[in-house]
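Below: one structure, written as structure tokens.
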Amino acid sequence: MSEGIITDQAMKEMADQLKAKYDEITESNRKLALQSEYLKKDLITLYSILRILDTMTNEELDIDPSFLSLIEIGRGIASSMLDMHIFETPM
């Protein structure tokens, strides 16, 4: 055999290695997409809870202002995260 010629067996081994690597990357991407979906759902839930707290506490007169500030800050951060990660609005 001359230099530079790839045998059928060598070609099959390379193809098998590439297929295995492709399958590994595809599975990794599938897991990342699923993880991203769960994180987005959790973020939406967190934002919703903070919105409810914000609405409920705005109607109360005797709530500690620092508690109200924490709710407002949390809602603002969650809102920014929604814009960036859910609605993909550039910051």
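The values are calculated or read from the model by the stated rules, or taken from the named source; none is laboratory data. Treat the numbers as computed from the prediction; the structure is a model and nothing was measured. Methodologically, a virtual Cβ is constructed for each residue, glycine included, from the backbone with ideal geometry; neighbour enumeration extends over all protein chains shown.
Structure notes:
- Of all residues in the stretch 65-91, those that are over 23 Å from Lys40 (Cβ atoms) have Cβ atoms under 9 Å from Cβ atoms of residues that are among the hydroxyl-bearing types (Ser, Thr, Tyr), 6 or more apart or on another chain, in Phe67/Thr57; Leu68/Thr57.
- Taking residues in the stretch 21-36 that are closer than 21 Å to Phe87 by Cα, and partners anywhere that are modelled with pLDDT under 95 and not hydroxyl-bearing (Ser, Thr, Tyr), the pairs with Cβ atoms closer than 9 Å and at least 6 places apart or on different chains are Ser36/His85.
- Some residue of the stretch 19-35 being within 25 Å of the chain's Cα centre (by Cα) and surrounded by 12 or more Cβ atoms within 10 Å (Cβ to Cβ): no
- Contact map, the stretch 1-15: first residue loosely packed, with under 10 Cβ neighbours inside 10 Å and of a type in the set (Gly, Ala, Ser), second residue modelled with pLDDT under 90 and outside any helix (DSSP H, G or I), Cβ cut-off under 8 Å, separation 6 or more or different chains; the map is empty.
- Residue in the stretch 29-43 that is in contact with a helix residue (DSSP H, G or I) (Cβ under 7 Å, 6 or more places away or on another chain) and part of a helix (DSSP H, G or I) present: yes
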